[in-house]
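A quick write-up on the structure given underneath.
The values are calculated or read from the model by the stated rules, or taken from the named source; none is laboratory data. Small disclaimer: the values here were computed from a predicted structure and weren't measured. FYI the Cβ positions are ideal-geometry reconstructions off the backbone, even for glycines, and counts take in every protein chain you see. What goes into the accessible areas is simple: the full protein's heavy atoms, side chains included, and nothing from ligands, DNA or RNA. Shrake-Rupley method; radii C 1.70, N 1.55, O 1.52, S 1.80 Å.
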Amino acid sequence: MPRSATYNHSDNDARWQERWLARGAFQAPQAPRHPAYILDMFPYPSGSGLHVGHVVGYVGSDVLARYARLLGKDVLHPMGWDSFGLPAERYAAKAGVLPQVSTQENSANYRRQLQALGLSYDWDRELTTSSPEYYRWTQWLFQFLYKQGLAYRAGGLVNWCPEDQTVLANEQVIGGKCERCGSQVVQRNLEQWYFKITAFAEELLEGLEDLNWPEHIKTLQRNWIGRSEGALVRFRVNNLSEQLEVFTTRLDTLYGATYLVVAPEHPLLSSLVTAEVQPDVATYQEAASTASALERSFTDRPKTGVFTGSYALHPLTGDLLPIWVSDYVLMTYGTGAVMAVPAHDERDFAFARQFSLPIRRVVVPVLGEDPEGIPDAPYAGQGYLVNSRNLNGKSTEEAFTLILAELGAAGEARTTYRLRDWLVSRQRYWGSPIPIAYRASGEQVLIPDSQLPVVLPERVTFSEKGASPLAGADEWKEWVDPLTGEVCHRELDTLDTFVCSSWYYLRYPTPNLTGAPFDREALSKWMPVQTYIGGDEHAVMHLLYARFICRALYHAGLVPTPEPFEQFVPVGKILGPDNQKMSKSKGNVVNPDEVISKYGADALRCYELFMGPFDQEKPWSTTGIVGVRRFLDKVWRLYELPVGAASEVELQCLARLTQAVRSSTELHKFNTAVSALMEAVNAFGQLPSLAQETRRSLAILLSPYAPHLAETLWEELGMQGFVMHAQLPEVQEAYLIEKTETYAVQVNGKVRGSVEVAAGTPADVVVAAARQLPNVARHLIDSRVVKEIVVPGKLVSLVATPLHEVN
């Protein structure tokens, strides 16, 4: 059968995908000698399927997995589905089916699309978080944390959507409104389940130092954990027996405190409010409940508040400080109360200006500066104390210790964290049931391990809004305690889907284990995950939760490593052709099925990696993928060249290519690796022949990026096995040293210039370079070259005849 002029992706893509699966080409060994655990953040299988914006991360991880195999590594590269969650429940409600059905269909479609890309996943290890076989162990994890004192139920403020009747995560609140229905979100105090992540705050902070993660991701986590060194100051309130506690990092400014502010949710607020202002405070609290914590933290937000009618005594001066309530103070930071020092804090300054409260300067940057008068702006830097009695002239660093000593029992050094415990309750159906029941007395009872999983009931009624369907599952709600025979009622909240994804990396090494969630011995061979790839929008929540769970299990001796992910590689988004985020509503979604059908899986893979740096955003362009497809056809035609001995030029080109692909792939600079392949193919195409070893090496180097084409070429070369299991070529250092030759160039016996080329350059290429010299070209005007003489490494002699003589 004659060889086609262009590469036939339609036949070869499907052919190789079937062979790989049939022969178990991607299966990870049970006992790895040289392990490489390469993992994607597993996707949420939505009803609309994948678009090309999702593809780039999966292709990048596949390149690393295939590259690791070429290095002789035993690769664990699995895939699964993060399939619980509110979007799936909404989708099922609209479709009139159970989420169990729609999720299975969506996952099957995602699997088909990923396989069509030629991704080398070990499908024998596929996980689905919404399957009882998986969430049985998510429930075990809840039990483990409960027994360790790390899971508890308590009242707390949450984002509440009155339309959907559910708690929302912070990222589901956009501009104070529910991202789905647009309803105004309110802050509501509910009894909820929490995981005590704060118990690991310091460990999570310190552990970042040893991780091979981008610095900006580490910074996001450091800021989220928010470690602060400061002091707790206790203020007596004139009409209360309780004291109002304030945490401050600037104890040196204590003499500048002119009022106090408490959060609208502060537990002492009702006691602080006097009868005259009670209606105003109640109205203010209601209004404040519609703003999210994120919005309230913005420094440029207009300051609002109400005077409570109460005063606190300054612990050093005895001055009466008015106590206000304002939503710029959060219960989730510090103690929910602040001592306001408007001369030295931006938000306090704005609030004082708004309500004409005193502003007293107590720190100046330079000794001798006049501290009197109202400043135009707050000064938040370090310096020297003024208006601070006997401490005037002291540095701000000295003042901390001196003021702390003055306070005595009214103050103490304290380290606090911005981090708050992880709220894991969700008032929805489609999530893992929480394995807890309640006696009539309200006492909590853990569902016994022998009765796990607590399986979701299927006879439920769905609606697009309202309470969880579990509230109407009357039979399911009742549970009989096997120890006492008492009829209890089950917990109706389900777990946050982040719980499911906080430990899935531990399940992949032994996905079919029935007696435990994971096997420690297997984990000791594979963990930690060598490379974890995903969107940096999960830099705080998911990555932090996964680190917490891993550390909790590590402290109990159940897993071998304290950190789950050795290296994290963020993925930049692929935007639509309009340079906007891809979405159905914008009409800018590009379907990978259509691209693969027209251009082939390898063209899509190479184009998405060639578009730009892996971690940066870039817009989709159809003309761009056309160019990449032409490159693949060039590779195909390159193998039609005659087989010959490798020239010096060919060996140099191959050495440069090998070095470029190796270094670029290892640094995740996939775009420069594809660019190097393109340059090398162009250079090889200028040669009269191509050595067999060059053909083999090129197929191997190409295989992580364009595996279907590489396998086809490998087969044509008569090689045994798959190219993915070949050995990566070594860099031939000797050929990286550029060897050149200088040719004198004559025209009709007179030297008109010289040309320098790589040693071993073919004669026709040397002649072409010689004729491009300006002085040579000038002496060939109106002439025809009738003879070309090349003395290797020395001379190019051109014999030319005027055109009129030729005629």
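Per-structure values
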{"quantity": "Whole-percent carbon and sulfur share, accessible surface of the chain, 1.4 Å", "calculated": "50"}
{"quantity": "At R0 = 25 Å, FRET efficiency that the Cβ-Cβ distance of SER270 and ALA154 yields, to 0.05", "calculated": "0.85"}
{"quantity": "Loop sites in the range 242-278: GluC sites (Glu not before Pro), DSSP, at most 15 other Cβ within 10 Å", "calculated": "GLU242"}
{"quantity": "Relative contact order of the range 81-172, pairs being alpha-carbon contacts under 8 Å that are 6 or more residues apart, as %", "calculated": "23"}
{"quantity": "Area of ILE197 that stays accessible when all protein chains are in place (1.4 Å probe, Å², to 10)", "calculated": "0"}
{"quantity": "Solvent-accessible heavy-atom area per residue, rounded to whole Å², over the chain at 1.4 Å", "calculated": "43"}
{"quantity": "Full-stretch length increase - GLN616, GLN727 - with 0.36 nm per residue and alpha-carbon distance subtracted", "calculated": "36.8 nm"}
{"quantity": "Shape of the range 1-153, Cα gyration tensor, a/c cut at 1.5", "calculated": "oblate"}
{"quantity": "Listed values [x] 42, 35, 27; [y] 42, 31, 25; [z] 63, 38, 23, entry calculated as semi-axes √(5λ) of the Cα gyration tensor in Å", "calculated": "[z]"}
{"quantity": "Set of lysines with alpha-carbon distance to LYS73 below 22 Å, sequence-local pairs under 8 removed", "calculated": "LYS525, LYS669"}
{"quantity": "Theoretical FRET efficiency, 1/(1+(r/R0)^6), r = Cβ-Cβ of ALA777 and LEU641, R0 41 Å, to 0.05", "calculated": "0.90"}
{"quantity": "Gap separating the Cα centres of the range 512-561 and the range 288-331, nearest whole Å", "calculated": "41"}
{"quantity": "Inter-centroid distance (Cα atoms) of the range 185-238 relative to the range 706-746, Å", "calculated": "52"}
{"quantity": "Prolate/oblate/rounded call for the range 233-390, Cα gyration tensor, a/c under 1.5 rounded", "calculated": "prolate"}
{"quantity": "Euclidean distance between Cα centres, the range 383-430 to the range 761-792, Å", "calculated": "81"}
{"quantity": "Per-residue SASA entry for SER524, accessible area with 1.4 Å probe, Å² rounded to 10", "calculated": "70"}
{"quantity": "In the range 316-400, the GluC sites (Glu not before Pro) that fall in loop regions by DSSP, at most 14 other Cβ within 10 Å", "calculated": "GLU369, GLU372"}
{"quantity": "For the range 75-216: rounded, prolate or oblate by the Cα gyration tensor [a/c cutoff 1.5]", "calculated": "oblate"}
{"quantity": "Estimated [θ] at 222 nm from DSSP helical runs (n ≥ 4, -39500 (n - 2.57)) normalised by residues in the chain, nearest 500", "calculated": "-10500 deg cm²/dmol"}
{"quantity": "Rounded FRET efficiency, nearest 0.05, which uses the C-beta distance separating GLU648 from GLU179 and R0 of 60 Å", "calculated": "0.45"}
{"quantity": "Taking the chain and dividing mean pair separation by its residue count, relative contact order in percent (alpha carbons under 8 Å, at least six apart)", "calculated": "14"}
{"quantity": "DSSP-loop trypsin sites (Lys or Arg not before Pro) across the range 740-782, with at most 13 other Cβ within 10 angstrom", "calculated": "none"}
